[in-house]
Amino acid sequence: MRKFLVVLDDSRECLNAMRFAAMRASRTGGGVEILAVIPPDEFQHWIGVGDVMRAEARERIEAHFEVFAKWMRDRQGVDPNLVIREGEPVPEILDLIREDPEIGILVLGAGSGKGGPGPLVTQLTKASGTLPVPITIVPGEMSKERLEAIT
């Protein structure tokens, strides 16, 4: 089964990337893999404090994931899978793509603010010529109705 890989983060544009991936997976008989990456700098504390912070980060991610997963299951008939990793986002994304041959498309949401499309879109599009899968970039400002029309 071909899977759409989406990165779960706190950005606004993440929502449109999730929607797009779920709608495309539903319409094409694919799956959705959701990757959340916990940056290592969040745990640069004493061991005990770092462990508590790591557990809290995982709980936040799982709660955030469940919101998307419920919508995907209820509205799109897609049961997504969550992968949580620790490290730098771009290398973790690339590692997961290389490890899972079913991942066929990376779906990223692009920001529309002053900061540009976002660090993941910027970094991954620079390397797009050597990636093992295509990237779909979903505009963060695209309406739900437009997303439904194009998927």
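Just a few scattered comments:
Let's see how each residue does on (1) touching an Asp or Glu at 6+ places or on another chain (Cβ under 9 Å); (2) not basic (Lys, Arg):
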site	(1), (2)
Ala69	yes, yes
Met72	yes, yes
Pro80	yes, yes
Glu86	yes, yes
Pro91	no, yes
Leu106	no, yes
Lys114	no, no
Leu120	yes, yes
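- Tabulated pairs, the range 130-145, first over 17 Å from Ala21 (Cβ atoms), second assigned to a strand (DSSP E or B) and modelled with pLDDT of 90 or more, C-beta under 9 angstrom, 6+ apart or interchain: Pro132/Ile103; Glu141/Ala110
- Number of the condition not met by Met72 [criteria: (1) over 21 Å from Gly31 (Cβ atoms); (2) part of a helix (DSSP H, G or I)]: (1)
- Residue match in the range 77-95 (condition: more than 17 Å from the chain's Cα centre (by Cα), under 21 Å from His64 (Cα atoms) and either not aliphatic (A, V, I, L, M) or not in a helix (DSSP H, G or I) (or both)): yes
- Only listed residue being crowded, with 17+ Cβ neighbours inside 10 Å, modelled with pLDDT under 95 and outside any loop (DSSP other than H, G, I, E, B), chosen from Ala57, Ala36: Ala57
- Unique match (being charged (D, E, K, R) and touching a residue at least 60 places away in the same chain (Cβ under 8 Å)) among Arg27, Arg58: Arg27
- Every condition in (1) surrounded by 15 or more Cβ atoms within 10 Å (Cβ to Cβ); (2) more than 20 Å from Gly30 (Cα to Cα); (3) polar (S, T, N, Q) holds for Thr136 except the one numbered (2).
- Residue check, Val37 closer than 20 Å to Asp10 by Cα, β-branched (Val, Ile, Thr) and touching a Ser or Thr at 6+ places or on another chain (Cβ under 7 Å): no
- Evaluated against (1) at pLDDT 95 or above; (2) touching a Leu at 6+ places or on another chain (Cβ under 9 Å); (3) closer than 24 Å to Ser143 by Cα, Glu92 falls short on exactly one condition, (3).
- Checklist (1) among the small types (Gly, Ala, Ser); (2) within 12 Å of Leu5 (Cα to Cα); (3) out of contact with any helix residue (DSSP H, G or I) (no Cβ under 8 Å at 6 or more places or on another chain) applied to Gly109, failing item: (3)
- Residue selected from the range 96-122 under the condition among the β-branched types (Val, Ile, Thr) and outside any helix (DSSP H, G or I), by the criterion nearest to the chain's Cα centre (by Cα): Val107
The values are calculated or read from the model by the stated rules, or taken from the named source; none is laboratory data. Treat the numbers as computed from the prediction; the structure is a model and nothing was measured. Ideal geometry is used to build each Cβ from the backbone, glycine not excepted, and the neighbour counts take in all protein chains shown.
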